[in-house]
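One structure below.
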């Protein structure tokens with residue numbers, strides 16, 4: 001009988017998640033963390049994806065001091081029990097990400113860092129990035145660039161870049177826990193401000209594996225992005 005016993009499916013890699021939502025929303029013109037898209041606050045829609053992801057153990061939300069009570073209340077109201085802490089951020093994104101990693105479980109092998117302004121991330125995108133980070137130490141979802149990209153100085157084109165080698169990188173970006181903590185601290189020590197956490201580990205000479213991103217995993221930066229988000233949700237809605 002034992003020879004035919006089905007093996008228990010091995011659990012996949014798991015990780016802690018830092019959701020960074022501490023920006024000023026200056027280009028949005030109003031607070032995008034609490035703004036609604038599809039009837040839900042942006043931060044709630046974002047966190048629900050990690051709530052549903054089986055390889056996520058815990059979530060730490062990093063936000064502005066004035067938003068900590070509101071975000072904590074929303075997590076409770078919507079049953080987001082994977083969120084273990086809501087903390088205040090730092091003076092810039094790198095500091096906020098670093099503070100979040102310090103609040104993660106010290107035993108966490110992997111730490112993912114996600115933009116709180118990307119509320120449409122899918123569980124599949126999360127799982128793919130976590131799996132590759134478990135195997136390679138660092139991974140990030142990305143989509144090929146569609147437009148022709150040129151580098152310029154003072155408004156004058158210097159070079160047309162080879163589009164086939166260009167990718168728009170998304171989040172969550174997932175890393176070995178010790179690696180990303182050290183990389184972010186090194187960036188802070190060097191006085192380097194980064195808009196991308198992969199750049200922190202790249203500065204240490206580490207390779208980052210790109211995983212399939214999702215065109216829907218957009219970052220909400222301007223009011224137009226909110227309108228695009230509403231359209232994306234309408235396309236997903238079942239036809240009655």
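Since every read-out is calculated from the coordinates, none of them should be taken as a lab result. Quick caveat, the model's predicted, so the values are computed rather than measured. Virtual Cβ from ideal backbone geometry, glycine too; neighbours counted across all protein chains shown.
Just a few scattered comments:
- Of the peptides 97-107, 146-156, the order by per-residue mean of other Cβ atoms within 10 Å, starting with the highest, comes out as 97-107, 146-156.
- Area projected by the alpha carbon convex hull of the range 13-229, averaged over all directions, nm²: 12.3
- Spacing of the two label points (7 Å from each Cα toward its C-beta) at residue 162 and residue 216, in nm: 3.4
- Across all directions, the average projected area of the convex hull around the alpha carbons of the range 137-187 is 5.3 nm².
- Solvent-free Debye scattering, log10 I(q)/I(0), computed from the Cα coordinates of the range 17-120 at q = 0.16, 0.20 Å⁻¹: -0.61, -0.98
- The range 169-240, Rg to Rh (Cα coordinates; Rh as Kirkwood inverse mean 1/r): 1.14
- 222 nm mean residue ellipticity, helices alone, for the chain (DSSP H n ≥ 4; -39,500 (n - 2.57); rounded to 500): -10000 deg cm²/dmol
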